[in-house]
1. With the checklist (1) at pLDDT 95 or above; (2) surrounded by fewer than 17 Cβ atoms within 10 Å (Cβ to Cβ); (3) farther than 15 Å from Leu100 by Cβ; (4) over 12 Å from the mean Cα position of the chain (by Cα) in hand, flag the one item Asn70 doesn't pass.
2. Among the numbered criteria (1) in contact (Cβ under 8 Å) with a residue 60 or more places away in the chain; (2) surrounded by fewer than 18 Cβ atoms within 10 Å (Cβ to Cβ), which single criterion is violated by Ala36?
3. Going by the conditions given, is Ala59 out of contact with any strand residue (DSSP E or B) (no Cβ under 8 Å at 6 or more places or on another chain) and not β-branched (Val, Ile, Thr)?
4. Mind checking which pairs have a first residue in region 95-113 that is of a type in the set (Gly, Ala, Ser) and a second that is surrounded by fewer than 18 Cβ atoms within 10 Å (Cβ to Cβ), Cβ under 6 Å, 6 or more apart or different chains?
5. Take the residues in region 73-97 that are within 23 Å of Asp23 (Cβ to Cβ) and near the ligand (Cβ under 8 Å from one of its atoms), then tell me which one is farthest from the chain's Cα centre (by Cα).
6. Suppose we filter region 54-65 for residues that are part of a helix (DSSP H, G or I) and surrounded by 12 or more Cβ atoms within 10 Å (Cβ to Cβ); how many remain?
Amino acid sequence: MTEETLFTKIIAGSIPSDKVYEDEEFCAFRDINPAAPCHVLIVPKKVIPKISDAQPEDAALLGRLLLAANKVAEQLGIAQDGYRYVINCGENGGQEVLHLHLHILGGRRLSWPPG
Ligand code: 5GP
């Protein structure tokens with residue numbers, strides 16, 4: 001049985017969300033507390049708690065995650081002006097949800113470095 005997380009519930013639809021993309025491996029939905037005008041989370045349906053938990057057999061999945069994120073950024077209309085991908089890892093990385101996800105942030109000029 002797959003481990004249940006906040007995001008498996010969102011993917012299953014038992015917690016409502018504003019989904020913008022879904023395929024057999026990934027689901028993308030708008031962040032409930034957006035940090036930019038466009039803030040979407042893209043989540044592998046396979047539960048990998050943290051990026052540091054990824055194994056060699058996840059290499060292709062991680063590559064496809066980036067390619068799917070590129071497609072979502074294009075679909076959201078932020079690709080031309082540019083955007084940022086973020087993966088938070090663990091406590092110091094500010095990770096709140098232990099189900100690997102990539103933040104797609106865009107729609108305004110983002111500052112660097114992050115705080
Ligand atoms: P993390 O800090 O783990 O990298 O990011 C978790 C993200 O999930 C946060 O940006 C937070 O706003 C978002 N989030 C938390 N709960 C929910 C929810 O119930 N629905 C949606 N759409 N986003 C959520």
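The values are calculated or read from the model by the stated rules, or taken from the named source; none is laboratory data. Being a predicted model, the structure only gives us computed values, none of them experimental. Positions of Cβ are generated from backbone atoms using ideal geometry, with glycine treated the same way; all protein chains shown enter the neighbour counts.
1. The number of the failed condition is (4).
2. (2)
3. Spelling it out, Ala59 is indeed out of contact with any strand residue (DSSP E or B) (no Cβ under 8 Å at 6 or more places or on another chain) and not β-branched (Val, Ile, Thr).
4. Between residues of region 95-113 that are of a type in the set (Gly, Ala, Ser) and residues that are surrounded by fewer than 18 Cβ atoms within 10 Å (Cβ to Cβ), the close pairs are Gly107/Pro37.
5. Val97
6. 5
Yes or no, residue by residue, for (1) in a loop (DSSP other than H, G, I, E, B); (2) more than 9 Å from the ligand (Cβ to nearest atom); (3) touching a Leu at 6+ places or on another chain (Cβ under 7 Å):
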site: Glu4; (1), (2), (3): yes, yes, no
site: Lys9; (1), (2), (3): no, no, no
site: Pro16; (1), (2), (3): yes, no, no
site: Ala28; (1), (2), (3): no, yes, yes
site: Pro34; (1), (2), (3): yes, no, no
site: Ile42; (1), (2), (3): no, yes, yes
site: Pro49; (1), (2), (3): yes, yes, yes
site: Ser52; (1), (2), (3): no, yes, no
